[in-house]
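Below you'll find the structure, written out as structure tokens, and then a few comments.
Nothing in this text is a laboratory measurement; each read-out follows from the coordinates by a stated rule. This is a predicted model, so every value here is computed, not measured. With ideal geometry, Cβ positions are generated from the backbone for all residues, glycine too; neighbour counts draw on all protein chains shown.
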Amino acid sequence: MRKTIQLGPGLQIGGDSFVVMAGPCAVETRELLDQVADAVAAAGAGVLRGGAFKPRTSPKSFQGLGLPGLELLAAASARTGLPVVTEVMDPRDVEMVARHAAILQVGSRNMQNFPLLREVGRQPKPVLLKRGAAATLDELLHAADYIRQEGNEHVMLCERGVRGFDPSTRYLLDLAAVPALRGRTDLPIVVDPSHGTGRRELVAPMAKAALVAGADALLIEVHGAPERALCDGDQALRPADFAVLTAELRRLVALCGRRWSRPETTGRVASVPGPHVPGSLDDEVVAP
Ligand code: PEP
Ligand code: MN
């Protein structure tokens, strides 16, 4: 039996639902976060993403705003009606992050941080577990077992690319992992085409391919001014491009016999300016 995760009325992850989680790589300022949160909500996203604790390769890079970032995320969530997914890196922060977010993300660098896995397993919020950049699917599934063994069954697995040999893309997005995992687990499967490619122009094609491959959800980075982003600007979609992508995804969702899922209570925030796109939220899309 495939597990589903219910996140309030209208929003389900897994089963016949399809969910897009979107937002900036990192929370930078209230203004930038609110702009992106409004845009992704208007474009039909079901979950708002944004990092307050950032795992950065260099300690000199922007590390995230910490608690103030969580507070900005909680405020954006209350305003838009979108639940928040955000990363927790330290077992000591799990309680604080769980107080502000609906979904706790365990990042790829921490996929085998066993104390962290146990700690997120001891609290009730759903966990988005990212595949390590050099982890096999076996290792990913065992990492999920660490969380489940503590009593938290609300785990989703996220393919976000593995280390390849070719610098043409940031990572090698392993879409075969989606059907391969499907045969081996009851957990919902998420794909992150942003980190998986590292290049803005590759995000939309791989997002659509992930849906067709059977993913239950996508995790996509969006930024209002990617050229000025403090983190991962090269892979961030602009809000208008994100709106075009969700319109295309909605048509594909119907073709794939899935249901576009987002909170019933999503605030009707101002829609993204731009031409009307067939298949946008104003059109009825009915699964065949
Ligand atoms: C992220 O989603 O913000 C992130 C840091 O991803 P990953 O752990 O896949 O690198
Ligand atoms: Mn990022």
Checklist entry - What is the calculated FRET efficiency for GLU153 to THR29, with r their C-beta to C-beta distance and R₀ = 51 Å, to the nearest 0.05? => result 0.90
Next on the checklist: Calculate the FRET efficiency for ASP234 and MET1 from the Cβ-Cβ distance with a Förster distance of 51 Å, rounded to the nearest 0.05.
Outcome noted: 0.80
Item to check | Cross-link partners of LYS60 among aspartates and glutamates (Cα-Cα below 18 Å; sequence separation of 8 or more within a chain) | outcome: GLU28, ASP232
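Only sites in a loop by DSSP and with at most 13 other Cβ atoms within 10 Å count here; which trypsin sites (Lys or Arg not before Pro) in the range 158-223 make the cut? Write down the numbers at each step before the final one.
Working: sites: ARG160, ARG163, ARG170, ARG182, ARG184, ARG199, ARG200, LYS208; in loops: ARG160, ARG163, ARG170, ARG184, ARG199.
Those that pass, being in a loop and sparsely packed, are ARG163, ARG184.
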Checklist outcome for this item: The set of residues whose placed amide H lies less than 5 Å from the amide H of GLY64, leaving out same-chain residues fewer than 5 positions away, is LYS54
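Please compute the Kirkwood hydrodynamic radius over the range 89-231, one decimal place, Å, based on all pairs of different Cα atoms. Please list the in-between numbers first.
Values: mean 1/r = 0.0643 Å⁻¹.
When all Cα pairs of the range 89-231 are included, the Kirkwood radius is 15.5 Å.
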Checklist entry - If one computes the Cα centroid of the range 14-60 and of the range 123-172, what distance in Å separates the two points? => result 19
Item to check | Whole-Hz couplings from phi, Karplus 6.51/-1.76/1.60, listed for the range 182-197; x for Gly and Pro | outcome: 4, x, 10, 9, 8, 7, x, 10, 10, 10, 10, x, 6, 5, x, 10
Checklist entry - In the chain, if every C-alpha pair distance is counted and binned at 5 Å from zero, what percent goes to each bin? => result 1, 6, 13, 18, 21, 19, 13, 6, 2, 0, 0
Checklist entry - Which whole DSSP H helices in the chain pass both tests: a Cα extent of 15 Å or more along the axis and a mean Kyte-Doolittle value no lower than -1.0? => result 30-42, 67-80, 137-149, 200-213, 239-255
Next on the checklist: What aspartates and glutamates does LYS208 reach when the alpha-carbon gap must be under 19 Å and sequence neighbours fewer than 8 apart in one chain are set aside?
Outcome noted: ASP16, GLU159, ASP174, ASP192, ASP216, GLU221, ASP241, GLU248
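Please identify the longest segment of the chain free of exposed chymotrypsin sites (Phe, Trp or Tyr not before Pro), where exposed means a DSSP state other than H, G, I, E or B and no more than 15 other Cβ atoms within 10 Å. Intermediate results must be reported in sequence, preceding the final value.
Details: sites that count: PHE62, PHE165.
My reading of the result: 166-288 is the longest stretch.
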Item to check | Partner lysines for LYS54 [C-alpha distance under 26 Å; skip if fewer than 8 residues away on the same chain] | outcome: LYS125, LYS130
